[in-house]
Amino acid sequence: MNQFNMKSLGAAFSRRFLLPGLFLLMIGCDQQAVDSSNSALCEQTYIPISVIQGSDLQSVMLGQQVTVTGVVTHIEQQGFFLQSRTTDADDDPDTSEALWIQTSGPTEPGAVLAVSGEVSELPSEQPQENITALIDVNWEQCSQLTELPRQPVEHMDNPEALENMRLSIPSGWQAVDLYSLPGQRLRIASERLFVATQVVSPGAPASQLKQRNTQRSVSMDWSASETTLNSRLRAGDQLQSVTGIFDLRQRNPSILAETAPAVADAAKVPPVPNRDADRHLRVVSMNVQNLFNGDGKGGEFPTPRGAETEAEYQRQLAELTAAIDALAPDVLAVMELENDGYSETSTIAQLSKQLNQLAGQTWAYVRPVEQRLGDDVIAVGLMYRSDRVRTEGDSASISTRPFDGLSRVPLTQRFVASVGDISLLVSVNHFKSKGGCPDGNARNSDQGDGQGCWNEARERSSLVLSQWVKQLQQDWNEPNALIVGDLNSYRMEDPIRALIQAGWVDVAGQFLAPPYYSYRYFGEMGTLDYAFANQALIQHIEHADIWHINSDTAPNEVVPATSTGIARFSDHDPLIVDIRYQ
């Protein structure tokens, strides 16, 4: 047994005097080449793979000719992975026990080979990451194993120490990013992952949590396994154990899994949140993910940001109205509507018409004084059940900075319940996203603190919005106010803290245990969708919820993926606020 525990070749030579029994194994270490013409490779002395790998990012034996022995664990067209036999492995957790061998190899895993070649560091798709390999090799098969070596792991704290190795991840890891489905790839993690600034402050705390998320997750790729999923996956599903090669060649560290993932414990599908129509006025905030109807007459597809075809639009509309009908709101605040006005052929008019046809109800929508809300291709909107609430006075919007081309123009309307004794002002918003980082705008560039680009614009949006809504309350003599929408900011970021410091109450935070979420980004959960109430209104709010119908469902599924029979209709979850009648 080779009990090497070496961090460099120099360490190996210092230890051979302490462990004379290992000397014969290492006598070829200082040779520049291995002459295999007179003896079989299987009979030659060899260097442990862990010595070649070392604990640094680059092998200390780079460019040297070596002979190694190990077990073939995975074969590809351009080469194969070779891992130390269990009896040859050292006890150092900082050194990998496997190499990439760049050459054609045996036809099946399990072959025990002796391989001679040059130590090389091959480029990877990951920045500052190379793959330790042997090139220009010749090899000989020495024997055959029926059981392949594998290394159990609980996390990925030190990827370099796991490079090229066949790993075994225990049962209980969960599916967290389903974006690539129905393809053969997803991200899995040992725990629920949250966007760093959802739960900790921007800056160093966020950076540390981001690193932890990386160490507790890995991509899973089973495209070479010739196996398929046997069930529909939902984010949060706990998986059976996973075995495969830890591959650092791809942009994201990946497990080349030997089989497709299998569910050990399926995540619970949340039911449609109940409501008591006799006691509650329900407000729902919903990002509809680019609802565009073309010209409203079946033409002008594909649209700039939405459906590619009329049929796709009709499917999107049907899924959306089914979800709205199930939620049964009295006031519906929507984001990412096509900004095409308010005529009978407009997107918001057709959505209202479809709801009326579906449920036989009386849906109406707020018509601003303006023909369009700002110049963006998408806009916010307000809809309501005219048999449950009525509008009071004209709506209001604001298009001054930063709502003049960054954040979308907000829309505010006063509503009065038809029964009971409750009225409120509802303001729907959609702040500037984190994408499309600016040139020559230092304050809005990515500051590296976890808040992304345009943070200053979003914080400014919060401050202006707060002052504007408070002024509308005075002008309209309305004590109750609710700010809702997609604010494109996570819970601990500056725009959200600005609203809280201005006296607004995060409604979801009053009813849901933290950390809560409405959105999933590359497998990390967070809240982009909010309801903020003033102190007068919060006294009348009896319940709030976020319905995880969308964020936990694979985005490319086009059939109902839950026991509710409601399909995923957006990339955001709807937020629900139930207000008690006085």
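Identify, please: which residue in the stretch 69-97 is assigned to a strand (DSSP E or B) and of a type in the set (A, V, I, L, M) and is, among those, surrounded by the fewest Cβ atoms within 10 Å (Cβ to Cβ)? Before you say what the answer is, go through the steps one by one.
At the first step, the residues of the stretch 69-97 found to be assigned to a strand (DSSP E or B) are 69-76, 79-83.
Adding the requirement that they be of a type in the set (A, V, I, L, M) leaves 71-72, 75, 82.
On the way: Val71: 24, Val72: 25, Ile75: 18, Leu82: 28.
Looking at residues that are assigned to a strand (DSSP E or B) and of a type in the set (A, V, I, L, M), I get Ile75.
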Within the stretch 134-148, residues under 25 Å from Val218 (Cα atoms) and free of Cβ contacts under 8 Å to residues at least 40 places away in the same chain come out as Glu147
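Checking the conditions here, which among Leu82, Leu99, Leu134, Leu113 is modelled with pLDDT of 90 or more, closer than 25 Å to Ala257 by Cβ and in contact with a Cys (Cβ under 7 Å, 6 or more places away or on another chain)? It would help to see each step written out before you state the result.
Details: Leu82 fails: in contact with a Cys (Cβ under 7 Å, 6 or more places away or on another chain); Leu99 fails: in contact with a Cys (Cβ under 7 Å, 6 or more places away or on another chain); Leu134 fails: in contact with a Cys (Cβ under 7 Å, 6 or more places away or on another chain).
Just a single option satisfies the conditions, and that option is Leu113.
Got a sec? Which of Ser223, Ser231, Ser285 is polar (S, T, N, Q) and touching a residue at least 60 places away in the same chain (Cβ under 8 Å)? Let's see the steps before the verdict.
On the way: Ser223 fails: touching a residue at least 60 places away in the same chain (Cβ under 8 Å); Ser231 fails: touching a residue at least 60 places away in the same chain (Cβ under 8 Å).
Of Ser223, Ser231, Ser285, the one residue that is polar (S, T, N, Q) and touching a residue at least 60 places away in the same chain (Cβ under 8 Å) is Ser285.
Restricting attention to the stretch 230-265, which residues are at pLDDT 90 or above, outside any strand (DSSP E or B) and not small (Gly, Ala, Ser)? If you could, list the steps in order and put the result at the bottom.
Within the stretch 230-265, the subset at pLDDT 90 or above is 233-249, 253-265.
From the residues that got through so far, the ones that are outside any strand (DSSP E or B) too are 233, 235-237, 240-241, 248-249, 253, 258-262.
Listed by number, the residues that qualify are Leu233, Asp237, Gln240, Leu248, Arg249, Pro253, Glu258, Thr259, Pro261.
Here are some residues: Ala498, Ala554, Ala502, Ala531. Which one is in contact with a Leu (Cβ under 9 Å, 6 or more places away or on another chain) and surrounded by 23 or more Cβ atoms within 10 Å (Cβ to Cβ)? Explain how you work it out, then say what you get.
Numbers: Ala498 fails: surrounded by 23 or more Cβ atoms within 10 Å (Cβ to Cβ); Ala554 fails: surrounded by 23 or more Cβ atoms within 10 Å (Cβ to Cβ); Ala502 fails: surrounded by 23 or more Cβ atoms within 10 Å (Cβ to Cβ).
Being in contact with a Leu (Cβ under 9 Å, 6 or more places away or on another chain) and surrounded by 23 or more Cβ atoms within 10 Å (Cβ to Cβ) holds for just one of Ala498, Ala554, Ala502, Ala531, which is Ala531.
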Only one of Glu118, Glu125 is surrounded by fewer than 21 Cβ atoms within 10 Å (Cβ to Cβ), in contact (Cβ under 8 Å) with a residue 60 or more places away in the chain and not assigned by TED's automatic domain parsing to the domain that holds Gln250. Can you tell me which? Glu125
Filtered residue count, the stretch 266-308, keeping only those that are among the hydrophobic types (A, V, I, L, M, F, W, C) and part of a strand (DSSP E or B): 6
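Only one of these is small (Gly, Ala, Ser) and part of a loop (DSSP other than H, G, I, E, B): Ala508, Ala513. Name it. Reasoning before the result, please.
Values: Ala508 fails: part of a loop (DSSP other than H, G, I, E, B).
The match here is Ala513.
Mind telling me which of the residues Asn290, Asn213, Asn252 ends up being in the same structural domain as Ile496 (by TED's automatic domain parsing), touching a strand residue (DSSP E or B) at 6+ places or on another chain (Cβ under 8 Å) and of a type outside the set (Lys, Arg)? Walk me through it before giving the result.
Working: Asn213 fails: in the same structural domain as Ile496 (by TED's automatic domain parsing); Asn252 fails: in the same structural domain as Ile496 (by TED's automatic domain parsing).
None of the other options fit; the residue is Asn290.
Across the stretch 393-403, what is the total count of residues that are under 18 Å from Val484 (Cβ atoms) and either at pLDDT below 95 or not in a loop (DSSP other than H, G, I, E, B) (or both)? Give the derivation first.
Quick first cut of the stretch 393-403, residues under 18 Å from Val484 (Cβ atoms) only: 395-398, 403.
Applying the additional criterion that residues be either at pLDDT below 95 or not in a loop (DSSP other than H, G, I, E, B) (or both) yields 395-397.
Final tally of qualifying residues: 3.
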Filtered residue count, the stretch 192-208, keeping only those that are part of a helix (DSSP H, G or I) and either surrounded by 20 or more Cβ atoms within 10 Å (Cβ to Cβ) or aromatic (Phe, Trp, Tyr) (or both): 4
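Test Leu406 against the criterion of being part of a strand (DSSP E or B), in contact (Cβ under 8 Å) with a residue 40 or more places away in the chain and assigned by TED's automatic domain parsing to the domain that holds Val469, and give yes or no. Walk me through how you get there before you give the answer.
Details: part of a strand (DSSP E or B): no; in contact (Cβ under 8 Å) with a residue 40 or more places away in the chain: yes; assigned by TED's automatic domain parsing to the domain that holds Val469: yes.
No; evaluated as a whole, the condition is false for this residue.
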Residues of the stretch 277-334 satisfying the condition of being over 30 Å from Val507 (Cα atoms) and hydroxyl-bearing (Ser, Thr, Tyr): Thr303, Thr309, Tyr313
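Condition check ((1) touching a residue at least 60 places away in the same chain (Cβ under 8 Å); (2) crowded, with 19+ Cβ neighbours inside 10 Å; (3) acidic (Asp, Glu); (4) assigned by TED's automatic domain parsing to the domain that holds Gly420) across all residues:
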| residue | (1), (2), (3), (4) |
| --- | --- |
| Gly306 | no, yes, no, yes |
| Glu310 | no, no, yes, yes |
| Arg315 | yes, no, no, yes |
| Ala318 | no, no, no, yes |
| Ala326 | yes, no, no, yes |
| Met335 | yes, yes, no, yes |
| Glu344 | no, no, yes, yes |
| Thr347 | no, yes, no, yes |
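Looking at Trp100, Trp173, which one is closer than 22 Å to Tyr46 by Cα and surrounded by 22 or more Cβ atoms within 10 Å (Cβ to Cβ)? Explain how you work it out, then say what you get.
Numbers: Trp173 fails: closer than 22 Å to Tyr46 by Cα.
Selected residue: Trp100, the only one of Trp100, Trp173 that is closer than 22 Å to Tyr46 by Cα and surrounded by 22 or more Cβ atoms within 10 Å (Cβ to Cβ).
Being in the same structural domain as Gly306 (by TED's automatic domain parsing) and closer than 20 Å to Ser180 by Cα narrows it down to one of Thr527, Thr564, Thr553, so name that one. Full working, then the answer.
Numbers: Thr527 fails: closer than 20 Å to Ser180 by Cα; Thr564 fails: closer than 20 Å to Ser180 by Cα.
Answer to the selection: Thr553.
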If we ask which residues in the stretch 431-454 are closer than 20 Å to Phe403 by Cβ, modelled with pLDDT of 95 or more and charged (D, E, K, R), their number turns out to be 2
Residues located in the stretch 409-427, provided they are in contact with a Leu (Cβ under 7 Å, 6 or more places away or on another chain) and either acidic (Asp, Glu) or not in a strand (DSSP E or B) (or both): Val409, Pro410, Ile422
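I'd like the residue in the stretch 235-272 that is charged (D, E, K, R) and surrounded by 21 or more Cβ atoms within 10 Å (Cβ to Cβ) and, out of all such residues, is farthest from Tyr517 (Cα to Cα). It would help to see each step written out before you state the result.
First, pick out the residues of the stretch 235-272 that are charged (D, E, K, R): 237, 247, 249, 251, 258, 265, 268.
Next, from what is left, pick out any that are surrounded by 21 or more Cβ atoms within 10 Å (Cβ to Cβ): 237, 247.
Details: Asp237: 17, Asp247: 31 Å.
My answer is Asp247.
Taking the stated definitions as given, is Ile131 outside the structural domain of Asn252 (by TED's automatic domain parsing) and touching a residue at least 40 places away in the same chain (Cβ under 8 Å)? Talk me through it step by step, then tell me what you get.
Working: outside the structural domain of Asn252 (by TED's automatic domain parsing): yes; touching a residue at least 40 places away in the same chain (Cβ under 8 Å): yes.
Yes, satisfied.
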Just wondering, is there one or more residues in the stretch 456-471 that are buried (at least 22 other Cβ atoms within 10 Å of the Cβ), on the phi > 0 side of the Ramachandran plot, in the same structural domain as Arg408 (by TED's automatic domain parsing) and of a type in the set (A, V, I, L, M, F, W, C)? no
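The values are calculated or read from the model by the stated rules, or taken from the named source; none is laboratory data. Just so it is clear, the model here is predicted, and its values are computed rather than measured. Glycine gets a Cβ as well: all are built from the backbone with ideal geometry, and neighbour counts include every protein chain shown.
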